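The values are calculated or read from the model by the stated rules, or taken from the named source; none is laboratory data. Since we're looking at a predicted model, the values are computed, not measured. Note that we place each Cβ from the backbone using ideal geometry, even for glycine, and neighbour counts take in every protein chain shown. These area figures cover heavy atoms from the full protein model, side chains too; ligands, DNA and RNA do not enter into them. Shrake-Rupley method; radii C 1.70, N 1.55, O 1.52, S 1.80 Å.
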Amino acid sequence: QVHLVESGGGLVQTGGSLRLSCAASGRIFSINPMGWYRQAPGKQRELVAIIDSDGNTNYADSVKGRFTIARDNAENTVSLQMNSLKPEDTAVYYCNADVRGRLWDVPVTYWGQGTQVTVSS
């Protein structure tokens, strides 16, 4: 079993910054990829940013140039630096990881519990 624990959400004004962190623990051989998703009230969960074990990244168009995803492979952590926040960034943010418990295992997708980000106008 793998657990993802997020931290760093909160309330910020428009134009402000927040940094989200996520730590994975448990039986982990490798994690690829790790990422962040978000879900606003009444909307579907959407991809925010994703990063593979080589550091290749992909961002939603709505956050490009404002958000930066990073990971520490040795520590099994992923972070999301969010700058120039807008009210439309308000959502619950979820950490996501595809984990192999052992070399020969099929990857299993895990989710964190979610952390609220609220951007006031």
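The single condition among (1) part of a strand (DSSP E or B); (2) open to solvent by 50 Å² or more (accessible area, probe 1.4 Å); (3) among the acidic types (Asp, Glu) that Asp98 does not meet is (2). Residues that are among the polar types (S, T, N, Q) and open to solvent by less than 60 Å² (accessible area, probe 1.4 Å) were ranked within segment 63-80; the one that is nearest to Gly26 (Cα to Cα) is Asn76. Entry remark, segment 101-121: residues being of a type outside the set (S, T, N, Q), touching a Phe, Trp or Tyr at 6+ places or on another chain (Cβ under 9 Å) and open to solvent by less than 40 Å² (accessible area, probe 1.4 Å) number 5 in total.
Applying the selection to segment 101-121, what residues are part of a loop (DSSP other than H, G, I, E, B) and touching a residue at least 60 places away in the same chain (Cβ under 8 Å)? Listed by number, the residues that qualify are Gly101, Arg102, Leu103, Asp105, Pro107, Gly112, Gln113, Gly114, Ser121. Return the residue satisfying two criteria in turn: it lies in segment 8-32 and is open to solvent by 30 Å² or more (accessible area, probe 1.4 Å), part of a strand (DSSP E or B) and touching a Lys or Arg at 6+ places or on another chain (Cβ under 9 Å), and of such residues it is farthest from Ala60 (Cα to Cα). So, considering only residues that are open to solvent by 30 Å² or more (accessible area, probe 1.4 Å), part of a strand (DSSP E or B) and touching a Lys or Arg at 6+ places or on another chain (Cβ under 9 Å), the one farthest from Ala60 (Cα to Cα) is Ser30.
Each residue in segment 44-59 was checked for being loosely packed, with under 14 Cβ neighbours inside 10 Å and either of a type in the set (A, V, I, L, M) or touching a residue at least 40 places away in the same chain (Cβ under 8 Å) (or both), and 0 of them qualify.
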